[in-house]
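S.K.: Pasting a structure here, questions to come.
The values are calculated or read from the model by the stated rules, or taken from the named source; none is laboratory data. Quantities reported herein were computed from a predicted structural model and do not represent experimental measurements. Note that each Cβ is placed from the backbone with ideal geometry, even for glycine, and that neighbours are counted across all protein chains shown. These area figures cover heavy atoms from the full protein model, side chains too; ligands, DNA and RNA do not enter into them. Shrake-Rupley method; radii C 1.70, N 1.55, O 1.52, S 1.80 Å.
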Amino acid sequence: NARLADILPGARAASQPALSPYEAPGPRQVRLAFLNHHSGRMSASRALVALVVLVAVAFAGAFQIPTVDSSCSSVLSVAGTIGKPNTFNVYIDGVWKPSASGKTQKVIAPVNESAVYEVQACNREEIDEAFEAARRAQKLWSTTPLWKRADLLKKAAAKLREHAPAIAEVMVNEVCKPLKDAIKEVLRTADLFEYTAEEGVRLEGQLYTSDSFQGEKRNKLALVSRVPLGVIVAIPPYNYPLNLAGSKVAPALMAGNSLVMKPPSQGAVTGLVGIAAVFHLAGAPKGLVNVVTGRGSEIGDYITQHKHASAISFTGGDTGIHVAKGVAMIPMQMELGGKDPALVLPDADLKLAAANIVKGAFSYSGQRCTAVKIAIIVTPDGKAVYNDILPMILDGVKKLKVGDPMDEDVDITAVIDKKSADFIESLVKDAIEKGAKLESPVGGFKRTGNLIEPVVLTGVTPDMRLFYEEQFGPILPIATAKSAQEAVDLVNESPLGLQASVFTNSINDAISISDQLQAGTIQINGAPARGPDHFPFQGFKNSGIGSQGVKWSLEAMSKIKSTVINFPEETYQQGG
């Protein structure tokens, strides 16, 4: 039972040691102030979560229960600033240090907008230092055997599992992700590291013979292989601050590159403890992984346009378009959001469709690029299908639990910040003013700070902002179309094209509609989703450039190099 305090933050017994300088009560006080929870004893429900998490981590770690010390100091103290609780250093050239600027940046807790952490505000000289360190490290790393690169990723995966509780708590504090989902994200990232390691050692070259082309003699051999790009700039988003960082870091390293990573302002500490500290503890060579922090408005362009940047892997919103317009001739891997529709055809399994729409729209409070952003019910016979599915959707929404991210069964938590909450509210007001009907919550729109109760709007039409603008919050707009073709035409008017869902029992309709929809992935009878992590993931139009997914990311973070051997005479291999 002593390990429960490690697995579940805030459950430490009174007899245990006092908090270390790196684990001051600030973040936990944020949660307690928000919830007005316990004064010392652990609830039965919280104990159950602790047990579930302990078992999950143990199984994921090959049945080895993690031995994290009670202060979780391994990842937190490595990155922390001595004597400054909840303040974290940057990681450049294998060294943890405060910024020479003398400035820090506050990380604001979504639950009550108090400062929960502080990170360094790097200056341009420190960005230069990170790139120079990465360049030096990459020259050596590119000559490291594949199996040794894979070994580093596997060691990092083990460290993620070992320190999952501490990393997950940071994620809860920074981005208000429910604890159950934060733990899943850490373990998922460990799995991703290991899968990338296995896939990476199977990177294969090719051999071409000249006589396969019409009229050529067999006097040339082309040896074709993949080589590293150099220094990868990795910029992950706040909503999956660890997994979407890992999906950039692991393929980059496996392909022989080094990294300069700029985590999001909300999620910066997750990047420091979940990536930098983890690779530091795993024994990464100095300079191979560099994590810098600061305001994107101050150092973002300098990083992405840096003369030593060899490629950019970016996940985010409209900022990515600005990034793409400003960079030089280097490869870009970008995912920039989506307005993912769910099309429900008359022959669909309506219970299945309703369940997936609710899950897709409201998981992590709708703050997902692959959330269901609008449902379009195809109703050729008046309102029959619409009238049947709407009660099912509303019933599912009523079952969603709103509140504390530390509760094991919570569904809806505070959105990332006031700016986001204000934007979401403005979309709802615009829709209602233009004739949409608020079906949920009963009694009107409900918001407490950044916490918005799940909203369902019907009668949504293309003249409303909500029809095409990405809300990134717990809002489900519902529209109707008289035919599948009308629904497809409405969807294809969007400037975004990440994913779409089609619910139908007709394989012919499913394939026909999938062929017509202008989106990177079409889900048949399922909610939009990024993953499993080895599936390709890409967006059309303003939703992105290139594909992600382990295999595709390994290819995106390497390039083709050919060596042609010229023979004086034709030569043919002979069998026995």
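S.K.: Roughly speaking, what is the stretch gain from Gln206 to Ile565, that is 0.36 nm per residue apart minus the C-alpha to C-alpha distance, in nm to one decimal? Spell out each step's value before the answer.
M.R.: On the way: separation 359, 0.36 × 359 = 129.24 nm, distance 1.36 nm.
That works out to 127.9 nm of additional length.
S.K.: A further question follows. Sequence-distant or interchain residues sharing an amide H contact under 5 Å with Lys97, placed H: which?
M.R.: Val90, Ile92
S.K.: Counting only protein chains, not ligands or nucleic acids, how are Arg136, Arg465, Arg149 ordered by accessible area (probe 1.4 Å), most first? It would help to have the intermediate numbers written out before the result.
M.R.: Working: Arg136 130, Arg465 80, Arg149 20 Å².
The ordering from most to least exposed comes out as Arg136, Arg465, Arg149.
S.K.: Hey, got a sec? Which GluC sites (Glu not before Pro) in the range 98-203 land in a DSSP loop and have at most 14 other Cβ atoms within 10 Å?
M.R.: Values: sites: Glu113, Glu118, Glu125, Glu126, Glu129, Glu132, Glu162, Glu169, Glu174, Glu185, Glu194, Glu198, Glu199; in loops: Glu113.
Passing both the DSSP loop test and the Cβ count: Glu113.
S.K.: Heavy-atom accessible area of Ile507 with all protein chains present, probe 1.4 Å, nearest 10 Å²?
M.R.: Surface accessible to solvent at Ile507 totals approximately 120 Å².
S.K.: Sticking with this structure for a sec: When percent of Cα pairs over 47 Å apart is calculated directly from the model, which label among [x] 21; [y] 13; [z] 16 fits?
M.R.: Read-out taken from this structure: [z].
S.K.: Turning to a different aspect of this structure: Would you calculate the separation in nanometres between label points at Arg295 and Asp422, each defined as 7 Å from the Cα along the Cα-to-beta-carbon direction?
M.R.: Placing both labels 7 Å along Cα→Cβ, they lie 1.6 nm apart.
S.K.: Working out 0.36 nm times the residue gap between Asn525 and Tyr572, then minus their Cα-Cα distance, what length gain in nm do you get to one decimal?
M.R.: Working: separation 47, 0.36 × 47 = 16.92 nm, distance 5.28 nm.
This chain segment gains 11.6 nm when fully extended.
S.K.: Next question. Based on C-alpha coordinates, I'd like the Rg and Dmax of the range 439-576, in Å.
M.R.: 23.2, 86
S.K.: Take every DSSP beta bridge with both residues inside the chain and express the antiparallel ones as a percent of the total, to the nearest 5.
M.R.: On the way: 35 of 71 bridges.
If we restrict to bridges inside the chain, about 50 percent are antiparallel.
S.K.: Continuing with the same structure: Give me the percent relative contact order of the range 223-323, please, defined on Cα pairs under 8 angstrom at least 6 residues apart.
M.R.: Working: 141 pairs, mean separation 37.5, N = 101.
It comes to 37 percent, rounded to a whole number.
S.K.: Ok, one more. Mean separation of Cα pairs under 8 Å and 6+ residues apart, divided by the residue count of the chain: what relative contact order is that in percent? Could you put the intermediate results ahead of the total?
M.R.: Numbers: 1259 pairs, mean separation 87.6, N = 576.
Normalised by residue count, the contact order of the chain is 15 percent.
S.K.: Also: Please sort by residue number the trypsin sites (Lys or Arg not before Pro) in the range 159-266 whose DSSP state is loop and whose Cβ has at most 14 other Cβ atoms within 10 Å.
M.R.: Working: sites: Lys159, Arg161, Lys180, Lys184, Arg188, Arg202, Lys217, Arg218, Lys220, Arg226, Lys248; in loops: Arg202, Lys217, Arg218.
In loop regions of the range 159-266 (DSSP not H, G, I, E or B), the sparsely surrounded trypsin sites (Lys or Arg not before Pro) are Arg202, Lys217.
S.K.: In nm, to one decimal, how far is the Ser514 label point from the Asn219 one, both placed 7 Å along Cα→Cβ?
M.R.: 4.9 nm
S.K.: Follow-up. Could you go through the range 80-96 in sequence order and give the Karplus-derived ³J(HN,Hα) for each residue, using 6.51 cos²θ - 1.76 cosθ + 1.60 with θ = phi - 60°, rounded to whole Hz, and x for Gly and Pro?
M.R.: Taking θ as phi minus 60°, the curve returns x, 9, 4, x, 10, x, 6, 10, 10, 8, 8, 10, 10, 6, x, 10, 8 Hz for the range 80-96.
S.K.: How big, in percent, is the set of alpha carbon pairs in the range 269-400 lying more than 20 Å apart? Spell out each step's value before the answer.
M.R.: Details: 5521 of 8646 pairs.
Counting pairs separated by more than 20 Å, the tail of P(r) holds 64 percent.
S.K.: Oh, and also: Could you give me the percent of Cα pairs per 5 Å distance bin for the range 332-476, shortest bin first, beginning at zero and ending with the bin that holds the maximum distance?
M.R.: Over the range 332-476, the share of Cα pairs per 5 Å bin runs 2, 10, 19, 23, 22, 13, 7, 3, 1, 0 percent.
S.K.: GluC sites (Glu not before Pro), restricted to the range 460-503: which are DSSP loop and have at most 15 other Cβ atoms within 10 Å? Let's see the in-between values first.
M.R.: Values: sites: Glu469, Glu470, Glu486, Glu493; in loops: Glu469, Glu470, Glu493.
In loop regions of the range 460-503 (DSSP not H, G, I, E or B), the sparsely surrounded GluC sites (Glu not before Pro) are Glu493.
S.K.: List every residue whose amide H lies under 5 Å from the amide H of Gln523, counting only residues 5 or more places away in sequence or on a different chain, with H placed 1.01 Å from N in the peptide plane.
M.R.: The list, which skips near neighbours in sequence, is Ala500, Ser501, Val502.
S.K.: Rounded to whole Å and ordered largest first, report the semi-axes of the equivalent ellipsoid of the range 239-339 derived from its Cα gyration tensor (root of 5λ).
M.R.: On the way: eigenvalues 89, 50, 35 Å².
So the equivalent ellipsoid measures 21, 16, 13 Å along its semi-axes.
S.K.: I've got another one for you. How big is D for the range 417-501, in µm² s⁻¹ as a whole number, if Stokes-Einstein is applied with the Kirkwood radius of its Cα pairs at 25 °C and 0.890 mPa s?
M.R.: Details: Rh = 13.6 Å.
In µm²/s, the coefficient rounds to 180.
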